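Q: First, the structure itself, so that you have it in front of you.
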Amino acid sequence: MSEAIPATQYAVQFTGKDEVFLNTAKPVDAIGPTQLLLQVEACGICFSDTKLLHAFADHPRKSAVVAGLSPEELAQVPSYRPGSEPTVPGHEPVARVIAIGDQVTHYRVGERLLVQADWRHLPTAASNGAFGYNFEGALQEYVVVDERIVVHDGEGFMLRVSDAPTAAQVALVEPWSTVEASYSRTERNTLAAGGRLLVVADAGTRPSGLEPLLATARPGSITVVGADPGAVDPQALGAELEEVEPGLDDIVYFGSDAATIELLSALLGARSLLCVVLDGATIDRRVNLDVGRVHYDFVRYVGTTGSDPAEAYTHIPAKGEIRAQDKVAIIGAAGPMGLMHTVRTVSLGLPGVTVDGADVNDERLEHLAVVVAPTAAERGVPFRVVNSTTSPLEPGYTYLTCLVPFPALLSQAVDLAGDGAIVNAFAGFPAGTLAELDLQGIIERRVFLLGTSGSEMSDMRTLLDKLETGALDTSISLDAVCGMAGFSDAIEAVNNRTSGGKIMVYPQLRELGLVRLSELPERLPAVAAALEDGRWTKAAEAALLATEA
């Protein structure tokens, strides 16, 4: 290492469930031949950080990597901290390369990088490896990454960024890209080709209409419960339900029993579909479904009131994108991510779209209106803020985004959904979170419930391009800044949902507490003087960094 690199640093560490430790002498790790040392410029705080803090070793992304790198290779990565080992959170960073090993070929010293934190090529038992989880993140001054991880199949998971944007603008690309991903991800509207299909028929029901589905995409295996397998497909095998192994790609259920639907949902694998064929029957009660799996595992529920399962698949939209004429409700709109969803929605300028931003805090709603109303007016999109405790939302929305991870609110969103509506369960419900959903109403009104987690590289490139070209100022969502000393207050604000926007941490500022942008004139007047119409600027960031120079 160069002598300019210190031996120790300040770092935020999660050491157990709800245990935060500000380590003022954490060693700066030495790099190996395939590794890079990054100096962190800035890192945003995400609500997902609070979920890691609460779950710690039980979080699916804190568990050990089971493929992609060998145990011997993982042992060579000093920032790999699975299970109960203390870890450094922070998965929304911008950093600069200050040292590289002699086998590094993809990156160079001096490059400014935006990190894509979701490393799906390194699976864990229930999720995947991720920067800021089982690999240490950016809420420290320096962090080591391994090129064998951040370059996979020729694709780099760290994007080069120019020096033009502020550090805050670049770090905010990651959360903005997760918003983009929730609309851009392609949905499957056929059986999974080569997958596992289960067909279940209640007593007295007769499976029919499967031929078109099987002709469009042929499963690798077909198992039938409760009916003659040969009547479904010549290659189908019969079984009892208790014999069926989990991890199915598609389930087509001919019946209406809520308890059976709940049992079947537990057999679904990742990126799977459960199709309920009612054939005129009615589900006997609300159904308890794992909405965490809708979010993290991309599980989907569809159905038809008729007898043709293929008809149910035709209701699946190609993507979760907002459409012309949509009546949109954003539940939790005044929070940090809600503000991003609201800004994106009004910025589309689609004909006939109206937007209601709903929340329960008048102060945050006022802030939302100040930020969003000018763009909405410019694009000609009718927009209003609604305190849903005093003015409850009325049914009939055709697009609803739920950003608050309370099952009752997602259930309410489904109840508010009109014909052909999309319900975007963006809120990060932990896996295993059950919500009582009106699946009968979902099927009758052809409501599509979706959820996404993280973002793809394409989403980050899209947002980065918008930032670099001036089409989007990501710092529109910035609400507060802090140094390492302010992290505890910052994470508490995120956990308690008292922040009206994103909070940016500058690790090189060791002593700075949490400061909202609205407080800058009193607390840091030199920084406030460099803002433009209350917005973050390069000059404001330079003035902030000079406070501890």
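The values are calculated or read from the model by the stated rules, or taken from the named source; none is laboratory data. Quantities reported herein were computed from a predicted structural model and do not represent experimental measurements. Backbone-built Cβ (ideal geometry, glycine too); neighbour counts: all protein chains shown.
Q: Can you tell me which residue within segment 33-59, out of those that are small (Gly, Ala, Ser) and in a strand (DSSP E or B), is nearest to Gly454 (Cα to Cα)? If you could, list the steps in order and put the result at the bottom.
A: Residues of segment 33-59 small (Gly, Ala, Ser): 42, 44, 48, 55, 57.
From the residues that got through so far, the ones that are in a strand (DSSP E or B) too are 42, 44.
Numbers: Ala42: 19, Gly44: 15 Å.
So, considering only residues that are small (Gly, Ala, Ser) and in a strand (DSSP E or B), the one nearest to Gly454 (Cα to Cα) is Gly44.
Q: Does segment 344-359 hold any residues that are at pLDDT 95 or above and of a type in the set (A, V, I, L, M), and which are they?
A: Val346, Leu350, Val353, Val355, Ala358
Q: Got at least one residue in segment 56-65 being at pLDDT 95 or above, within 19 Å of Lys26 (Cα to Cα) and β-branched (Val, Ile, Thr)?
A: So far as segment 56-65 goes, no, none of its residues is at pLDDT 95 or above, within 19 Å of Lys26 (Cα to Cα) and β-branched (Val, Ile, Thr).
Q: Can you give me the ranges of the helices (runs of 4 or more DSSP H) entirely in segment 155-265 with at least 3 residues that are at pLDDT 95 or above and surrounded by fewer than 22 Cβ atoms within 10 Å (Cβ to Cβ)?
A: By residue number, 258-265.
Q: Quick one: in segment 118-140, of everything that is part of a loop (DSSP other than H, G, I, E, B) and surrounded by fewer than 24 Cβ atoms within 10 Å (Cβ to Cβ), which residue is modelled with the highest pLDDT?
A: Ala125
Q: Arg293 passes all but one of (1) in the same structural domain as Arg446 (by TED's automatic domain parsing); (2) in a strand (DSSP E or B); which number fails?
A: For Arg293, the exception is condition (2).
Q: Name every residue in segment 311-342 that is crowded, with 20+ Cβ neighbours inside 10 Å and more than 18 Å from Val179 (Cβ to Cβ), in order of residue number.
A: Within segment 311-342, Ala312, Tyr313 meet the criteria.
Yes/no per residue for (1) of a type in the set (A, V, I, L, M); (2) surrounded by fewer than 19 Cβ atoms within 10 Å (Cβ to Cβ); (3) modelled with pLDDT of 95 or more; (4) not assigned by TED's automatic domain parsing to the domain that holds Ile149:
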position: Val12; (1), (2), (3), (4): yes, no, yes, no
position: Thr15; (1), (2), (3), (4): no, yes, yes, no
position: Asp18; (1), (2), (3), (4): no, yes, yes, no
position: Leu22; (1), (2), (3), (4): yes, yes, yes, no
position: Ile31; (1), (2), (3), (4): yes, no, yes, no
position: Val40; (1), (2), (3), (4): yes, no, yes, no
position: Cys43; (1), (2), (3), (4): no, no, yes, no
position: Gln76; (1), (2), (3), (4): no, yes, yes, no
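Q: Moving on. Give the residue, chosen from Leu289, Leu274, that is touching a residue at least 12 places away in the same chain (Cβ under 8 Å), touching a Phe, Trp or Tyr at 6+ places or on another chain (Cβ under 6 Å), buried (at least 16 other Cβ atoms within 10 Å of the Cβ) and within 16 Å of Thr260 (Cα to Cα).
A: Leu274
Q: Let me ask another. Name every residue in segment 457-475 that is out of contact with any strand residue (DSSP E or B) (no Cβ under 8 Å at 6 or more places or on another chain) and either surrounded by 18 or more Cβ atoms within 10 Å (Cβ to Cβ) or part of a helix (DSSP H, G or I) (or both), in order of residue number.
A: Within segment 457-475, Ser458, Asp459, Thr462, Leu463, Asp465, Lys466, Leu467, Glu468, Thr469, Leu472, Thr474 qualify.
Q: Evaluate the following for Val109: is it crowded, with 17+ Cβ neighbours inside 10 Å and either at pLDDT below 95 or in the same structural domain as Asp18 (by TED's automatic domain parsing) (or both)?
A: Details: crowded, with 17+ Cβ neighbours inside 10 Å: no; either at pLDDT below 95 or in the same structural domain as Asp18 (by TED's automatic domain parsing) (or both): yes.
Here the answer is no, as Val109 does not meet what is asked.
Q: Right, another one. Do we find a residue being within 21 Å of the chain's Cα centre (by Cα), in a loop (DSSP other than H, G, I, E, B) and farther than 24 Å from Gly513 by Cβ anywhere in segment 97-117?
A: yes
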